[in-house]
Amino acid sequence: MLRYYLLNFIFLYFVSTTCQSQEVLPILDSATVSSKSETKFTDSLQKKNSPQKIAALRSAILPGLGQIYNKKYWKLPFVYGALGTTAVVFIYNLNNYKDLRLAYKVKYNIRVFRDSADYHKVSPNLLPLSEESLRFNRDQFRQSLDYTVLLFVAFWGLNVIDAAVDAHLKSFDISPNLGLKIRVGHSEMAGTNGLNLALTFR
């Protein structure tokens, strides 16, 4: 009999504690669910269409478009000046490389195969140069070509980075409520005098 009461007591205690520990889940209506899903959708759209991404993409497609998007028109001469200069240097190096390569090939063919068929195609100012000198200068202009291509790609990349950073800084707070002050002060921890930078928010 005592065992029966003991088992009933344990069972009732277990049921009561289980009921108390159950969480009451909130009942969400369709309007709440739809508003949350719309908020998530708009947040994802804003992340995808952020000003930084738009400006960077435009500058990657055509240099200067990101600066126009940011309304930083004064940067356009620098963008096109850097890219235009490297393009002109590339063309100059390419033309010289082609002339030197042809002249070296002709002189090599004359020495080895006694073939002077393309001799008239060689630029007159390159004729006095020796075969070794032509080969050396050809390699130099080939190296300059590679460097010019790298510079052009680097300037293009800087143009993209500049557009993205400008677009990001548009939302940066530069209101008069921010202040930066430089003060002369004493550091108790270090026991020395020095300059303090204080950033204040009003």
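The values are calculated or read from the model by the stated rules, or taken from the named source; none is laboratory data. Keep in mind that what you see is a predicted model, and the values were worked out from it rather than measured. Cβ placement follows ideal geometry from the backbone for every residue including glycine, while neighbour counts extend to all protein chains displayed.
Return the total of residues in segment 113-124 being in a helix (DSSP H, G or I), in contact with a helix residue (DSSP H, G or I) (Cβ under 9 Å, 6 or more places away or on another chain) and not aromatic (F, W, Y). Talk me through it step by step, then tell me what you get.
Restricting attention to segment 113-124, the residues satisfying the condition of being in a helix (DSSP H, G or I) are 113, 119-121, 124.
Now restrict to residues that are in contact with a helix residue (DSSP H, G or I) (Cβ under 9 Å, 6 or more places away or on another chain): 119, 121.
Checking which are not aromatic (F, W, Y) leaves us with 121.
Going through segment 113-124 one residue at a time, the tally reaches 1.
Out of the residues in segment 126-170 that are among the basic types (K, R) and modelled with pLDDT of 95 or more, state the one that is nearest to the chain's Cα centre (by Cα). Break it down into steps so the answer makes sense when it comes.
Taking segment 126-170 first, the residues among the basic types (K, R) are 135, 138, 142, 170.
Now narrow it down to the ones that are modelled with pLDDT of 95 or more: 135, 138, 142.
Numbers: R135: 39, R138: 35, R142: 29 Å.
Out of the qualifying residues, it is R142.
Which one of K53, K71 is part of a loop (DSSP other than H, G, I, E, B), within 29 Å of the chain's Cα centre (by Cα) and not aliphatic (A, V, I, L, M)? Even if it seems obvious, please write down each step before you answer.
Values: K53 fails: part of a loop (DSSP other than H, G, I, E, B).
K71 is the lone residue from the list that is part of a loop (DSSP other than H, G, I, E, B), within 29 Å of the chain's Cα centre (by Cα) and not aliphatic (A, V, I, L, M).
So is V79 under 23 Å from Q143 (Cα atoms), among the hydrophobic types (A, V, I, L, M, F, W, C) and either assigned to a helix (DSSP H, G or I) or modelled with pLDDT of 95 or more (or both) or not? Write out each step before concluding.
Numbers: under 23 Å from Q143 (Cα atoms): no; among the hydrophobic types (A, V, I, L, M, F, W, C): yes; either assigned to a helix (DSSP H, G or I) or modelled with pLDDT of 95 or more (or both): yes.
Judged against the criteria, V79 is not a match.
Is it the case that segment 92-112 has a residue that's modelled with pLDDT under 95, surrounded by 12 or more Cβ atoms within 10 Å (Cβ to Cβ) and not in a helix (DSSP H, G or I)?
no
Looking at segment 90-119, which of its residues are under 9 Å from R138 (Cα atoms) and in contact with a Lys or Arg (Cβ under 8 Å, 6 or more places away or on another chain)?
The initial filter retains those residues of segment 90-119 that are under 9 Å from R138 (Cα atoms), namely 96-101, 104.
Hits for segment 90-119 are Y97, L100, R101, Y104.
Give the residues of segment 145-160 that are of a type outside the set (A, V, I, L, M, F, W, C) and surrounded by 17 or more Cβ atoms within 10 Å (Cβ to Cβ), sorted by residue number.
Taking segment 145-160 as the starting set, the residues that turn out to be of a type outside the set (A, V, I, L, M, F, W, C) are 146-148, 157, 159.
Once the filter is applied, which keeps residues that are of a type outside the set (A, V, I, L, M, F, W, C) and surrounded by 17 or more Cβ atoms within 10 Å (Cβ to Cβ), segment 145-160 yields T148, N159.
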